[in-house]
Amino acid sequence: MTHRPIRIMGILNATPDSFSGDGATDTEILIERGLQMIEDGADILDVGGESSRPFAAPVSPEEEQKRVLPVIRGLSKRTAVPVSVDTRNWQVAQAAVDQGARMVNDITGLHDPDMIRVVAGSNVDVVVMHMRGTPVTMQVDPRYEDVIAEIISFLNARIEQAVRSGVIKDRIIIDPGLGFGKKLDHNISIIRHLDRFRSMGYPVLVGPSRKSFIGEILNLPVHDRLEGTLAAVGVCMFFGADIIRVHDVKAVARYAKMLDRLMIIRPAV
């Protein structure tokens, strides 16, 4: 087994309706928040302009660009830390890359061939995530025969299509999509079986931060889920996560550094 230090992705919600309650629409506030996240230990910043909470209404690509592009441009000029754009719209992804984004985080798992074209043509890293349905429909009684096998099959199919269309395999990161079309037991199973996702041969990103499954277990509102998030982060690290996407960067960075040192080595597939 080999040591693999965890990377932390800080969440910057350039939205007025984030499920976590930490969204903002002021560019300077978001830039300063991102710079603070870097100081607190973020290795990547993920900027999103469309809420993907359950039942959220879609945002036009034009509005999304208006929200995220000034933030991405400002951060890219002021830090060498990679900036990611969290979007499912190829127009937003292309514009974000043009403004300095070095990663595209697509919750639809590269469903749109135009998104694949953007990623392949830009030579940026890409997060291929699993989601059942859309944000409007994903939590309407999601069902699986075998949640792990079905997610792996989905991701393999998306990756095969992307690579066939020119996306470089070494640029791909996979995300099983905690909370995106999953019930409580599905989310728990995903975390307990992250080693199966690592066996696919790609870095694994996981986003447990403040998610509803933590609220279900602890019976706590979204703003009071830090301890639950830390517990989920610890188990995700143990079972092989490479990148953790979180809101509370400082607390998670300190926790991860301590846990990483105590574990000495983490499972490597």
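Return yes or no: is His193 touching a helix residue (DSSP H, G or I) at 6+ places or on another chain (Cβ under 9 Å) and under 27 Å from Asp40 (Cβ atoms)? Answer is no for this residue.
Against the numbered list (1) surrounded by fewer than 17 Cβ atoms within 10 Å (Cβ to Cβ); (2) among the charged types (D, E, K, R); (3) within 23 Å of Ile6 (Cα to Cα), Glu150 comes up short only at (3).
Residues in segment 60-82 that are in contact (Cβ under 8 Å) with a residue 40 or more places away in the chain and either surrounded by 20 or more Cβ atoms within 10 Å (Cβ to Cβ) or assigned to a loop (DSSP other than H, G, I, E, B) (or both): Arg67, Val68, Val71, Gly74, Leu75, Thr79, Val81, Pro82. Scanning segment 172-210 for residues that are assigned to a helix (DSSP H, G or I) and in contact with a Gly (Cβ under 6 Å, 6 or more places away or on another chain) yields Leu194, Asp195, Arg198.
Taken over segment 219-251, the criterion of being over 22 Å from His193 (Cβ atoms), hydrophobic (A, V, I, L, M, F, W, C) and part of a helix (DSSP H, G or I) is satisfied by Val222, Leu226, Val249, Ala251. Checked against (1) surrounded by 20 or more Cβ atoms within 10 Å (Cβ to Cβ); (2) within 21 Å of Ile44 (Cα to Cα); (3) out of contact with any Ser or Thr (no Cβ under 7 Å at 6 or more places or on another chain), Asp170 meets all criteria but (1). Of the residues making up segment 214-234, those that are at pLDDT 95 or above and hydrophobic (A, V, I, L, M, F, W, C) are Ile214, Ile217, Leu218, Leu220, Leu226, Leu230, Ala231, Ala232, Val233.
Taken over segment 188-221, residues that are closer than 16 Å to Val252 by Cβ and surrounded by fewer than 23 Cβ atoms within 10 Å (Cβ to Cβ) amount to 2.
Quick check, is Asp175 within 26 Å of His223 (Cβ to Cβ) and at pLDDT 95 or above? Walk me through how you get there before you give the answer.
Details: within 26 Å of His223 (Cβ to Cβ): yes; at pLDDT 95 or above: yes.
Considered against the rule, which asks whether it is within 26 Å of His223 (Cβ to Cβ) and at pLDDT 95 or above, Asp175 comes out as yes.
Ala24 fulfils the conditions (1) surrounded by 24 or more Cβ atoms within 10 Å (Cβ to Cβ); (2) modelled with pLDDT under 90 except for a single criterion, (1).
Looking at segment 85-127, which of the residues that are assigned to a loop (DSSP other than H, G, I, E, B) and out of contact with any strand residue (DSSP E or B) (no Cβ under 8 Å at 6 or more places or on another chain) is surrounded by the fewest Cβ atoms within 10 Å (Cβ to Cβ)? Walk me through it before giving the result.
Within segment 85-127, the first condition is being assigned to a loop (DSSP other than H, G, I, E, B), and the residues that meet it are 87-89, 99-102, 107-112, 123-124.
Those still in the list that are out of contact with any strand residue (DSSP E or B) (no Cβ under 8 Å at 6 or more places or on another chain) too: 89, 99, 111-112, 123.
On the way: Asn89: 25, Gln99: 20, His111: 15, Asp112: 15, Asn123: 12.
Residue satisfying both the conditions and the ranking: Asn123.
The values are calculated or read from the model by the stated rules, or taken from the named source; none is laboratory data. These numbers come from a predicted model, not from an experiment. Every residue, glycine as well, gets a Cβ built from its backbone with ideal geometry; the counts of neighbours run over all protein chains shown.
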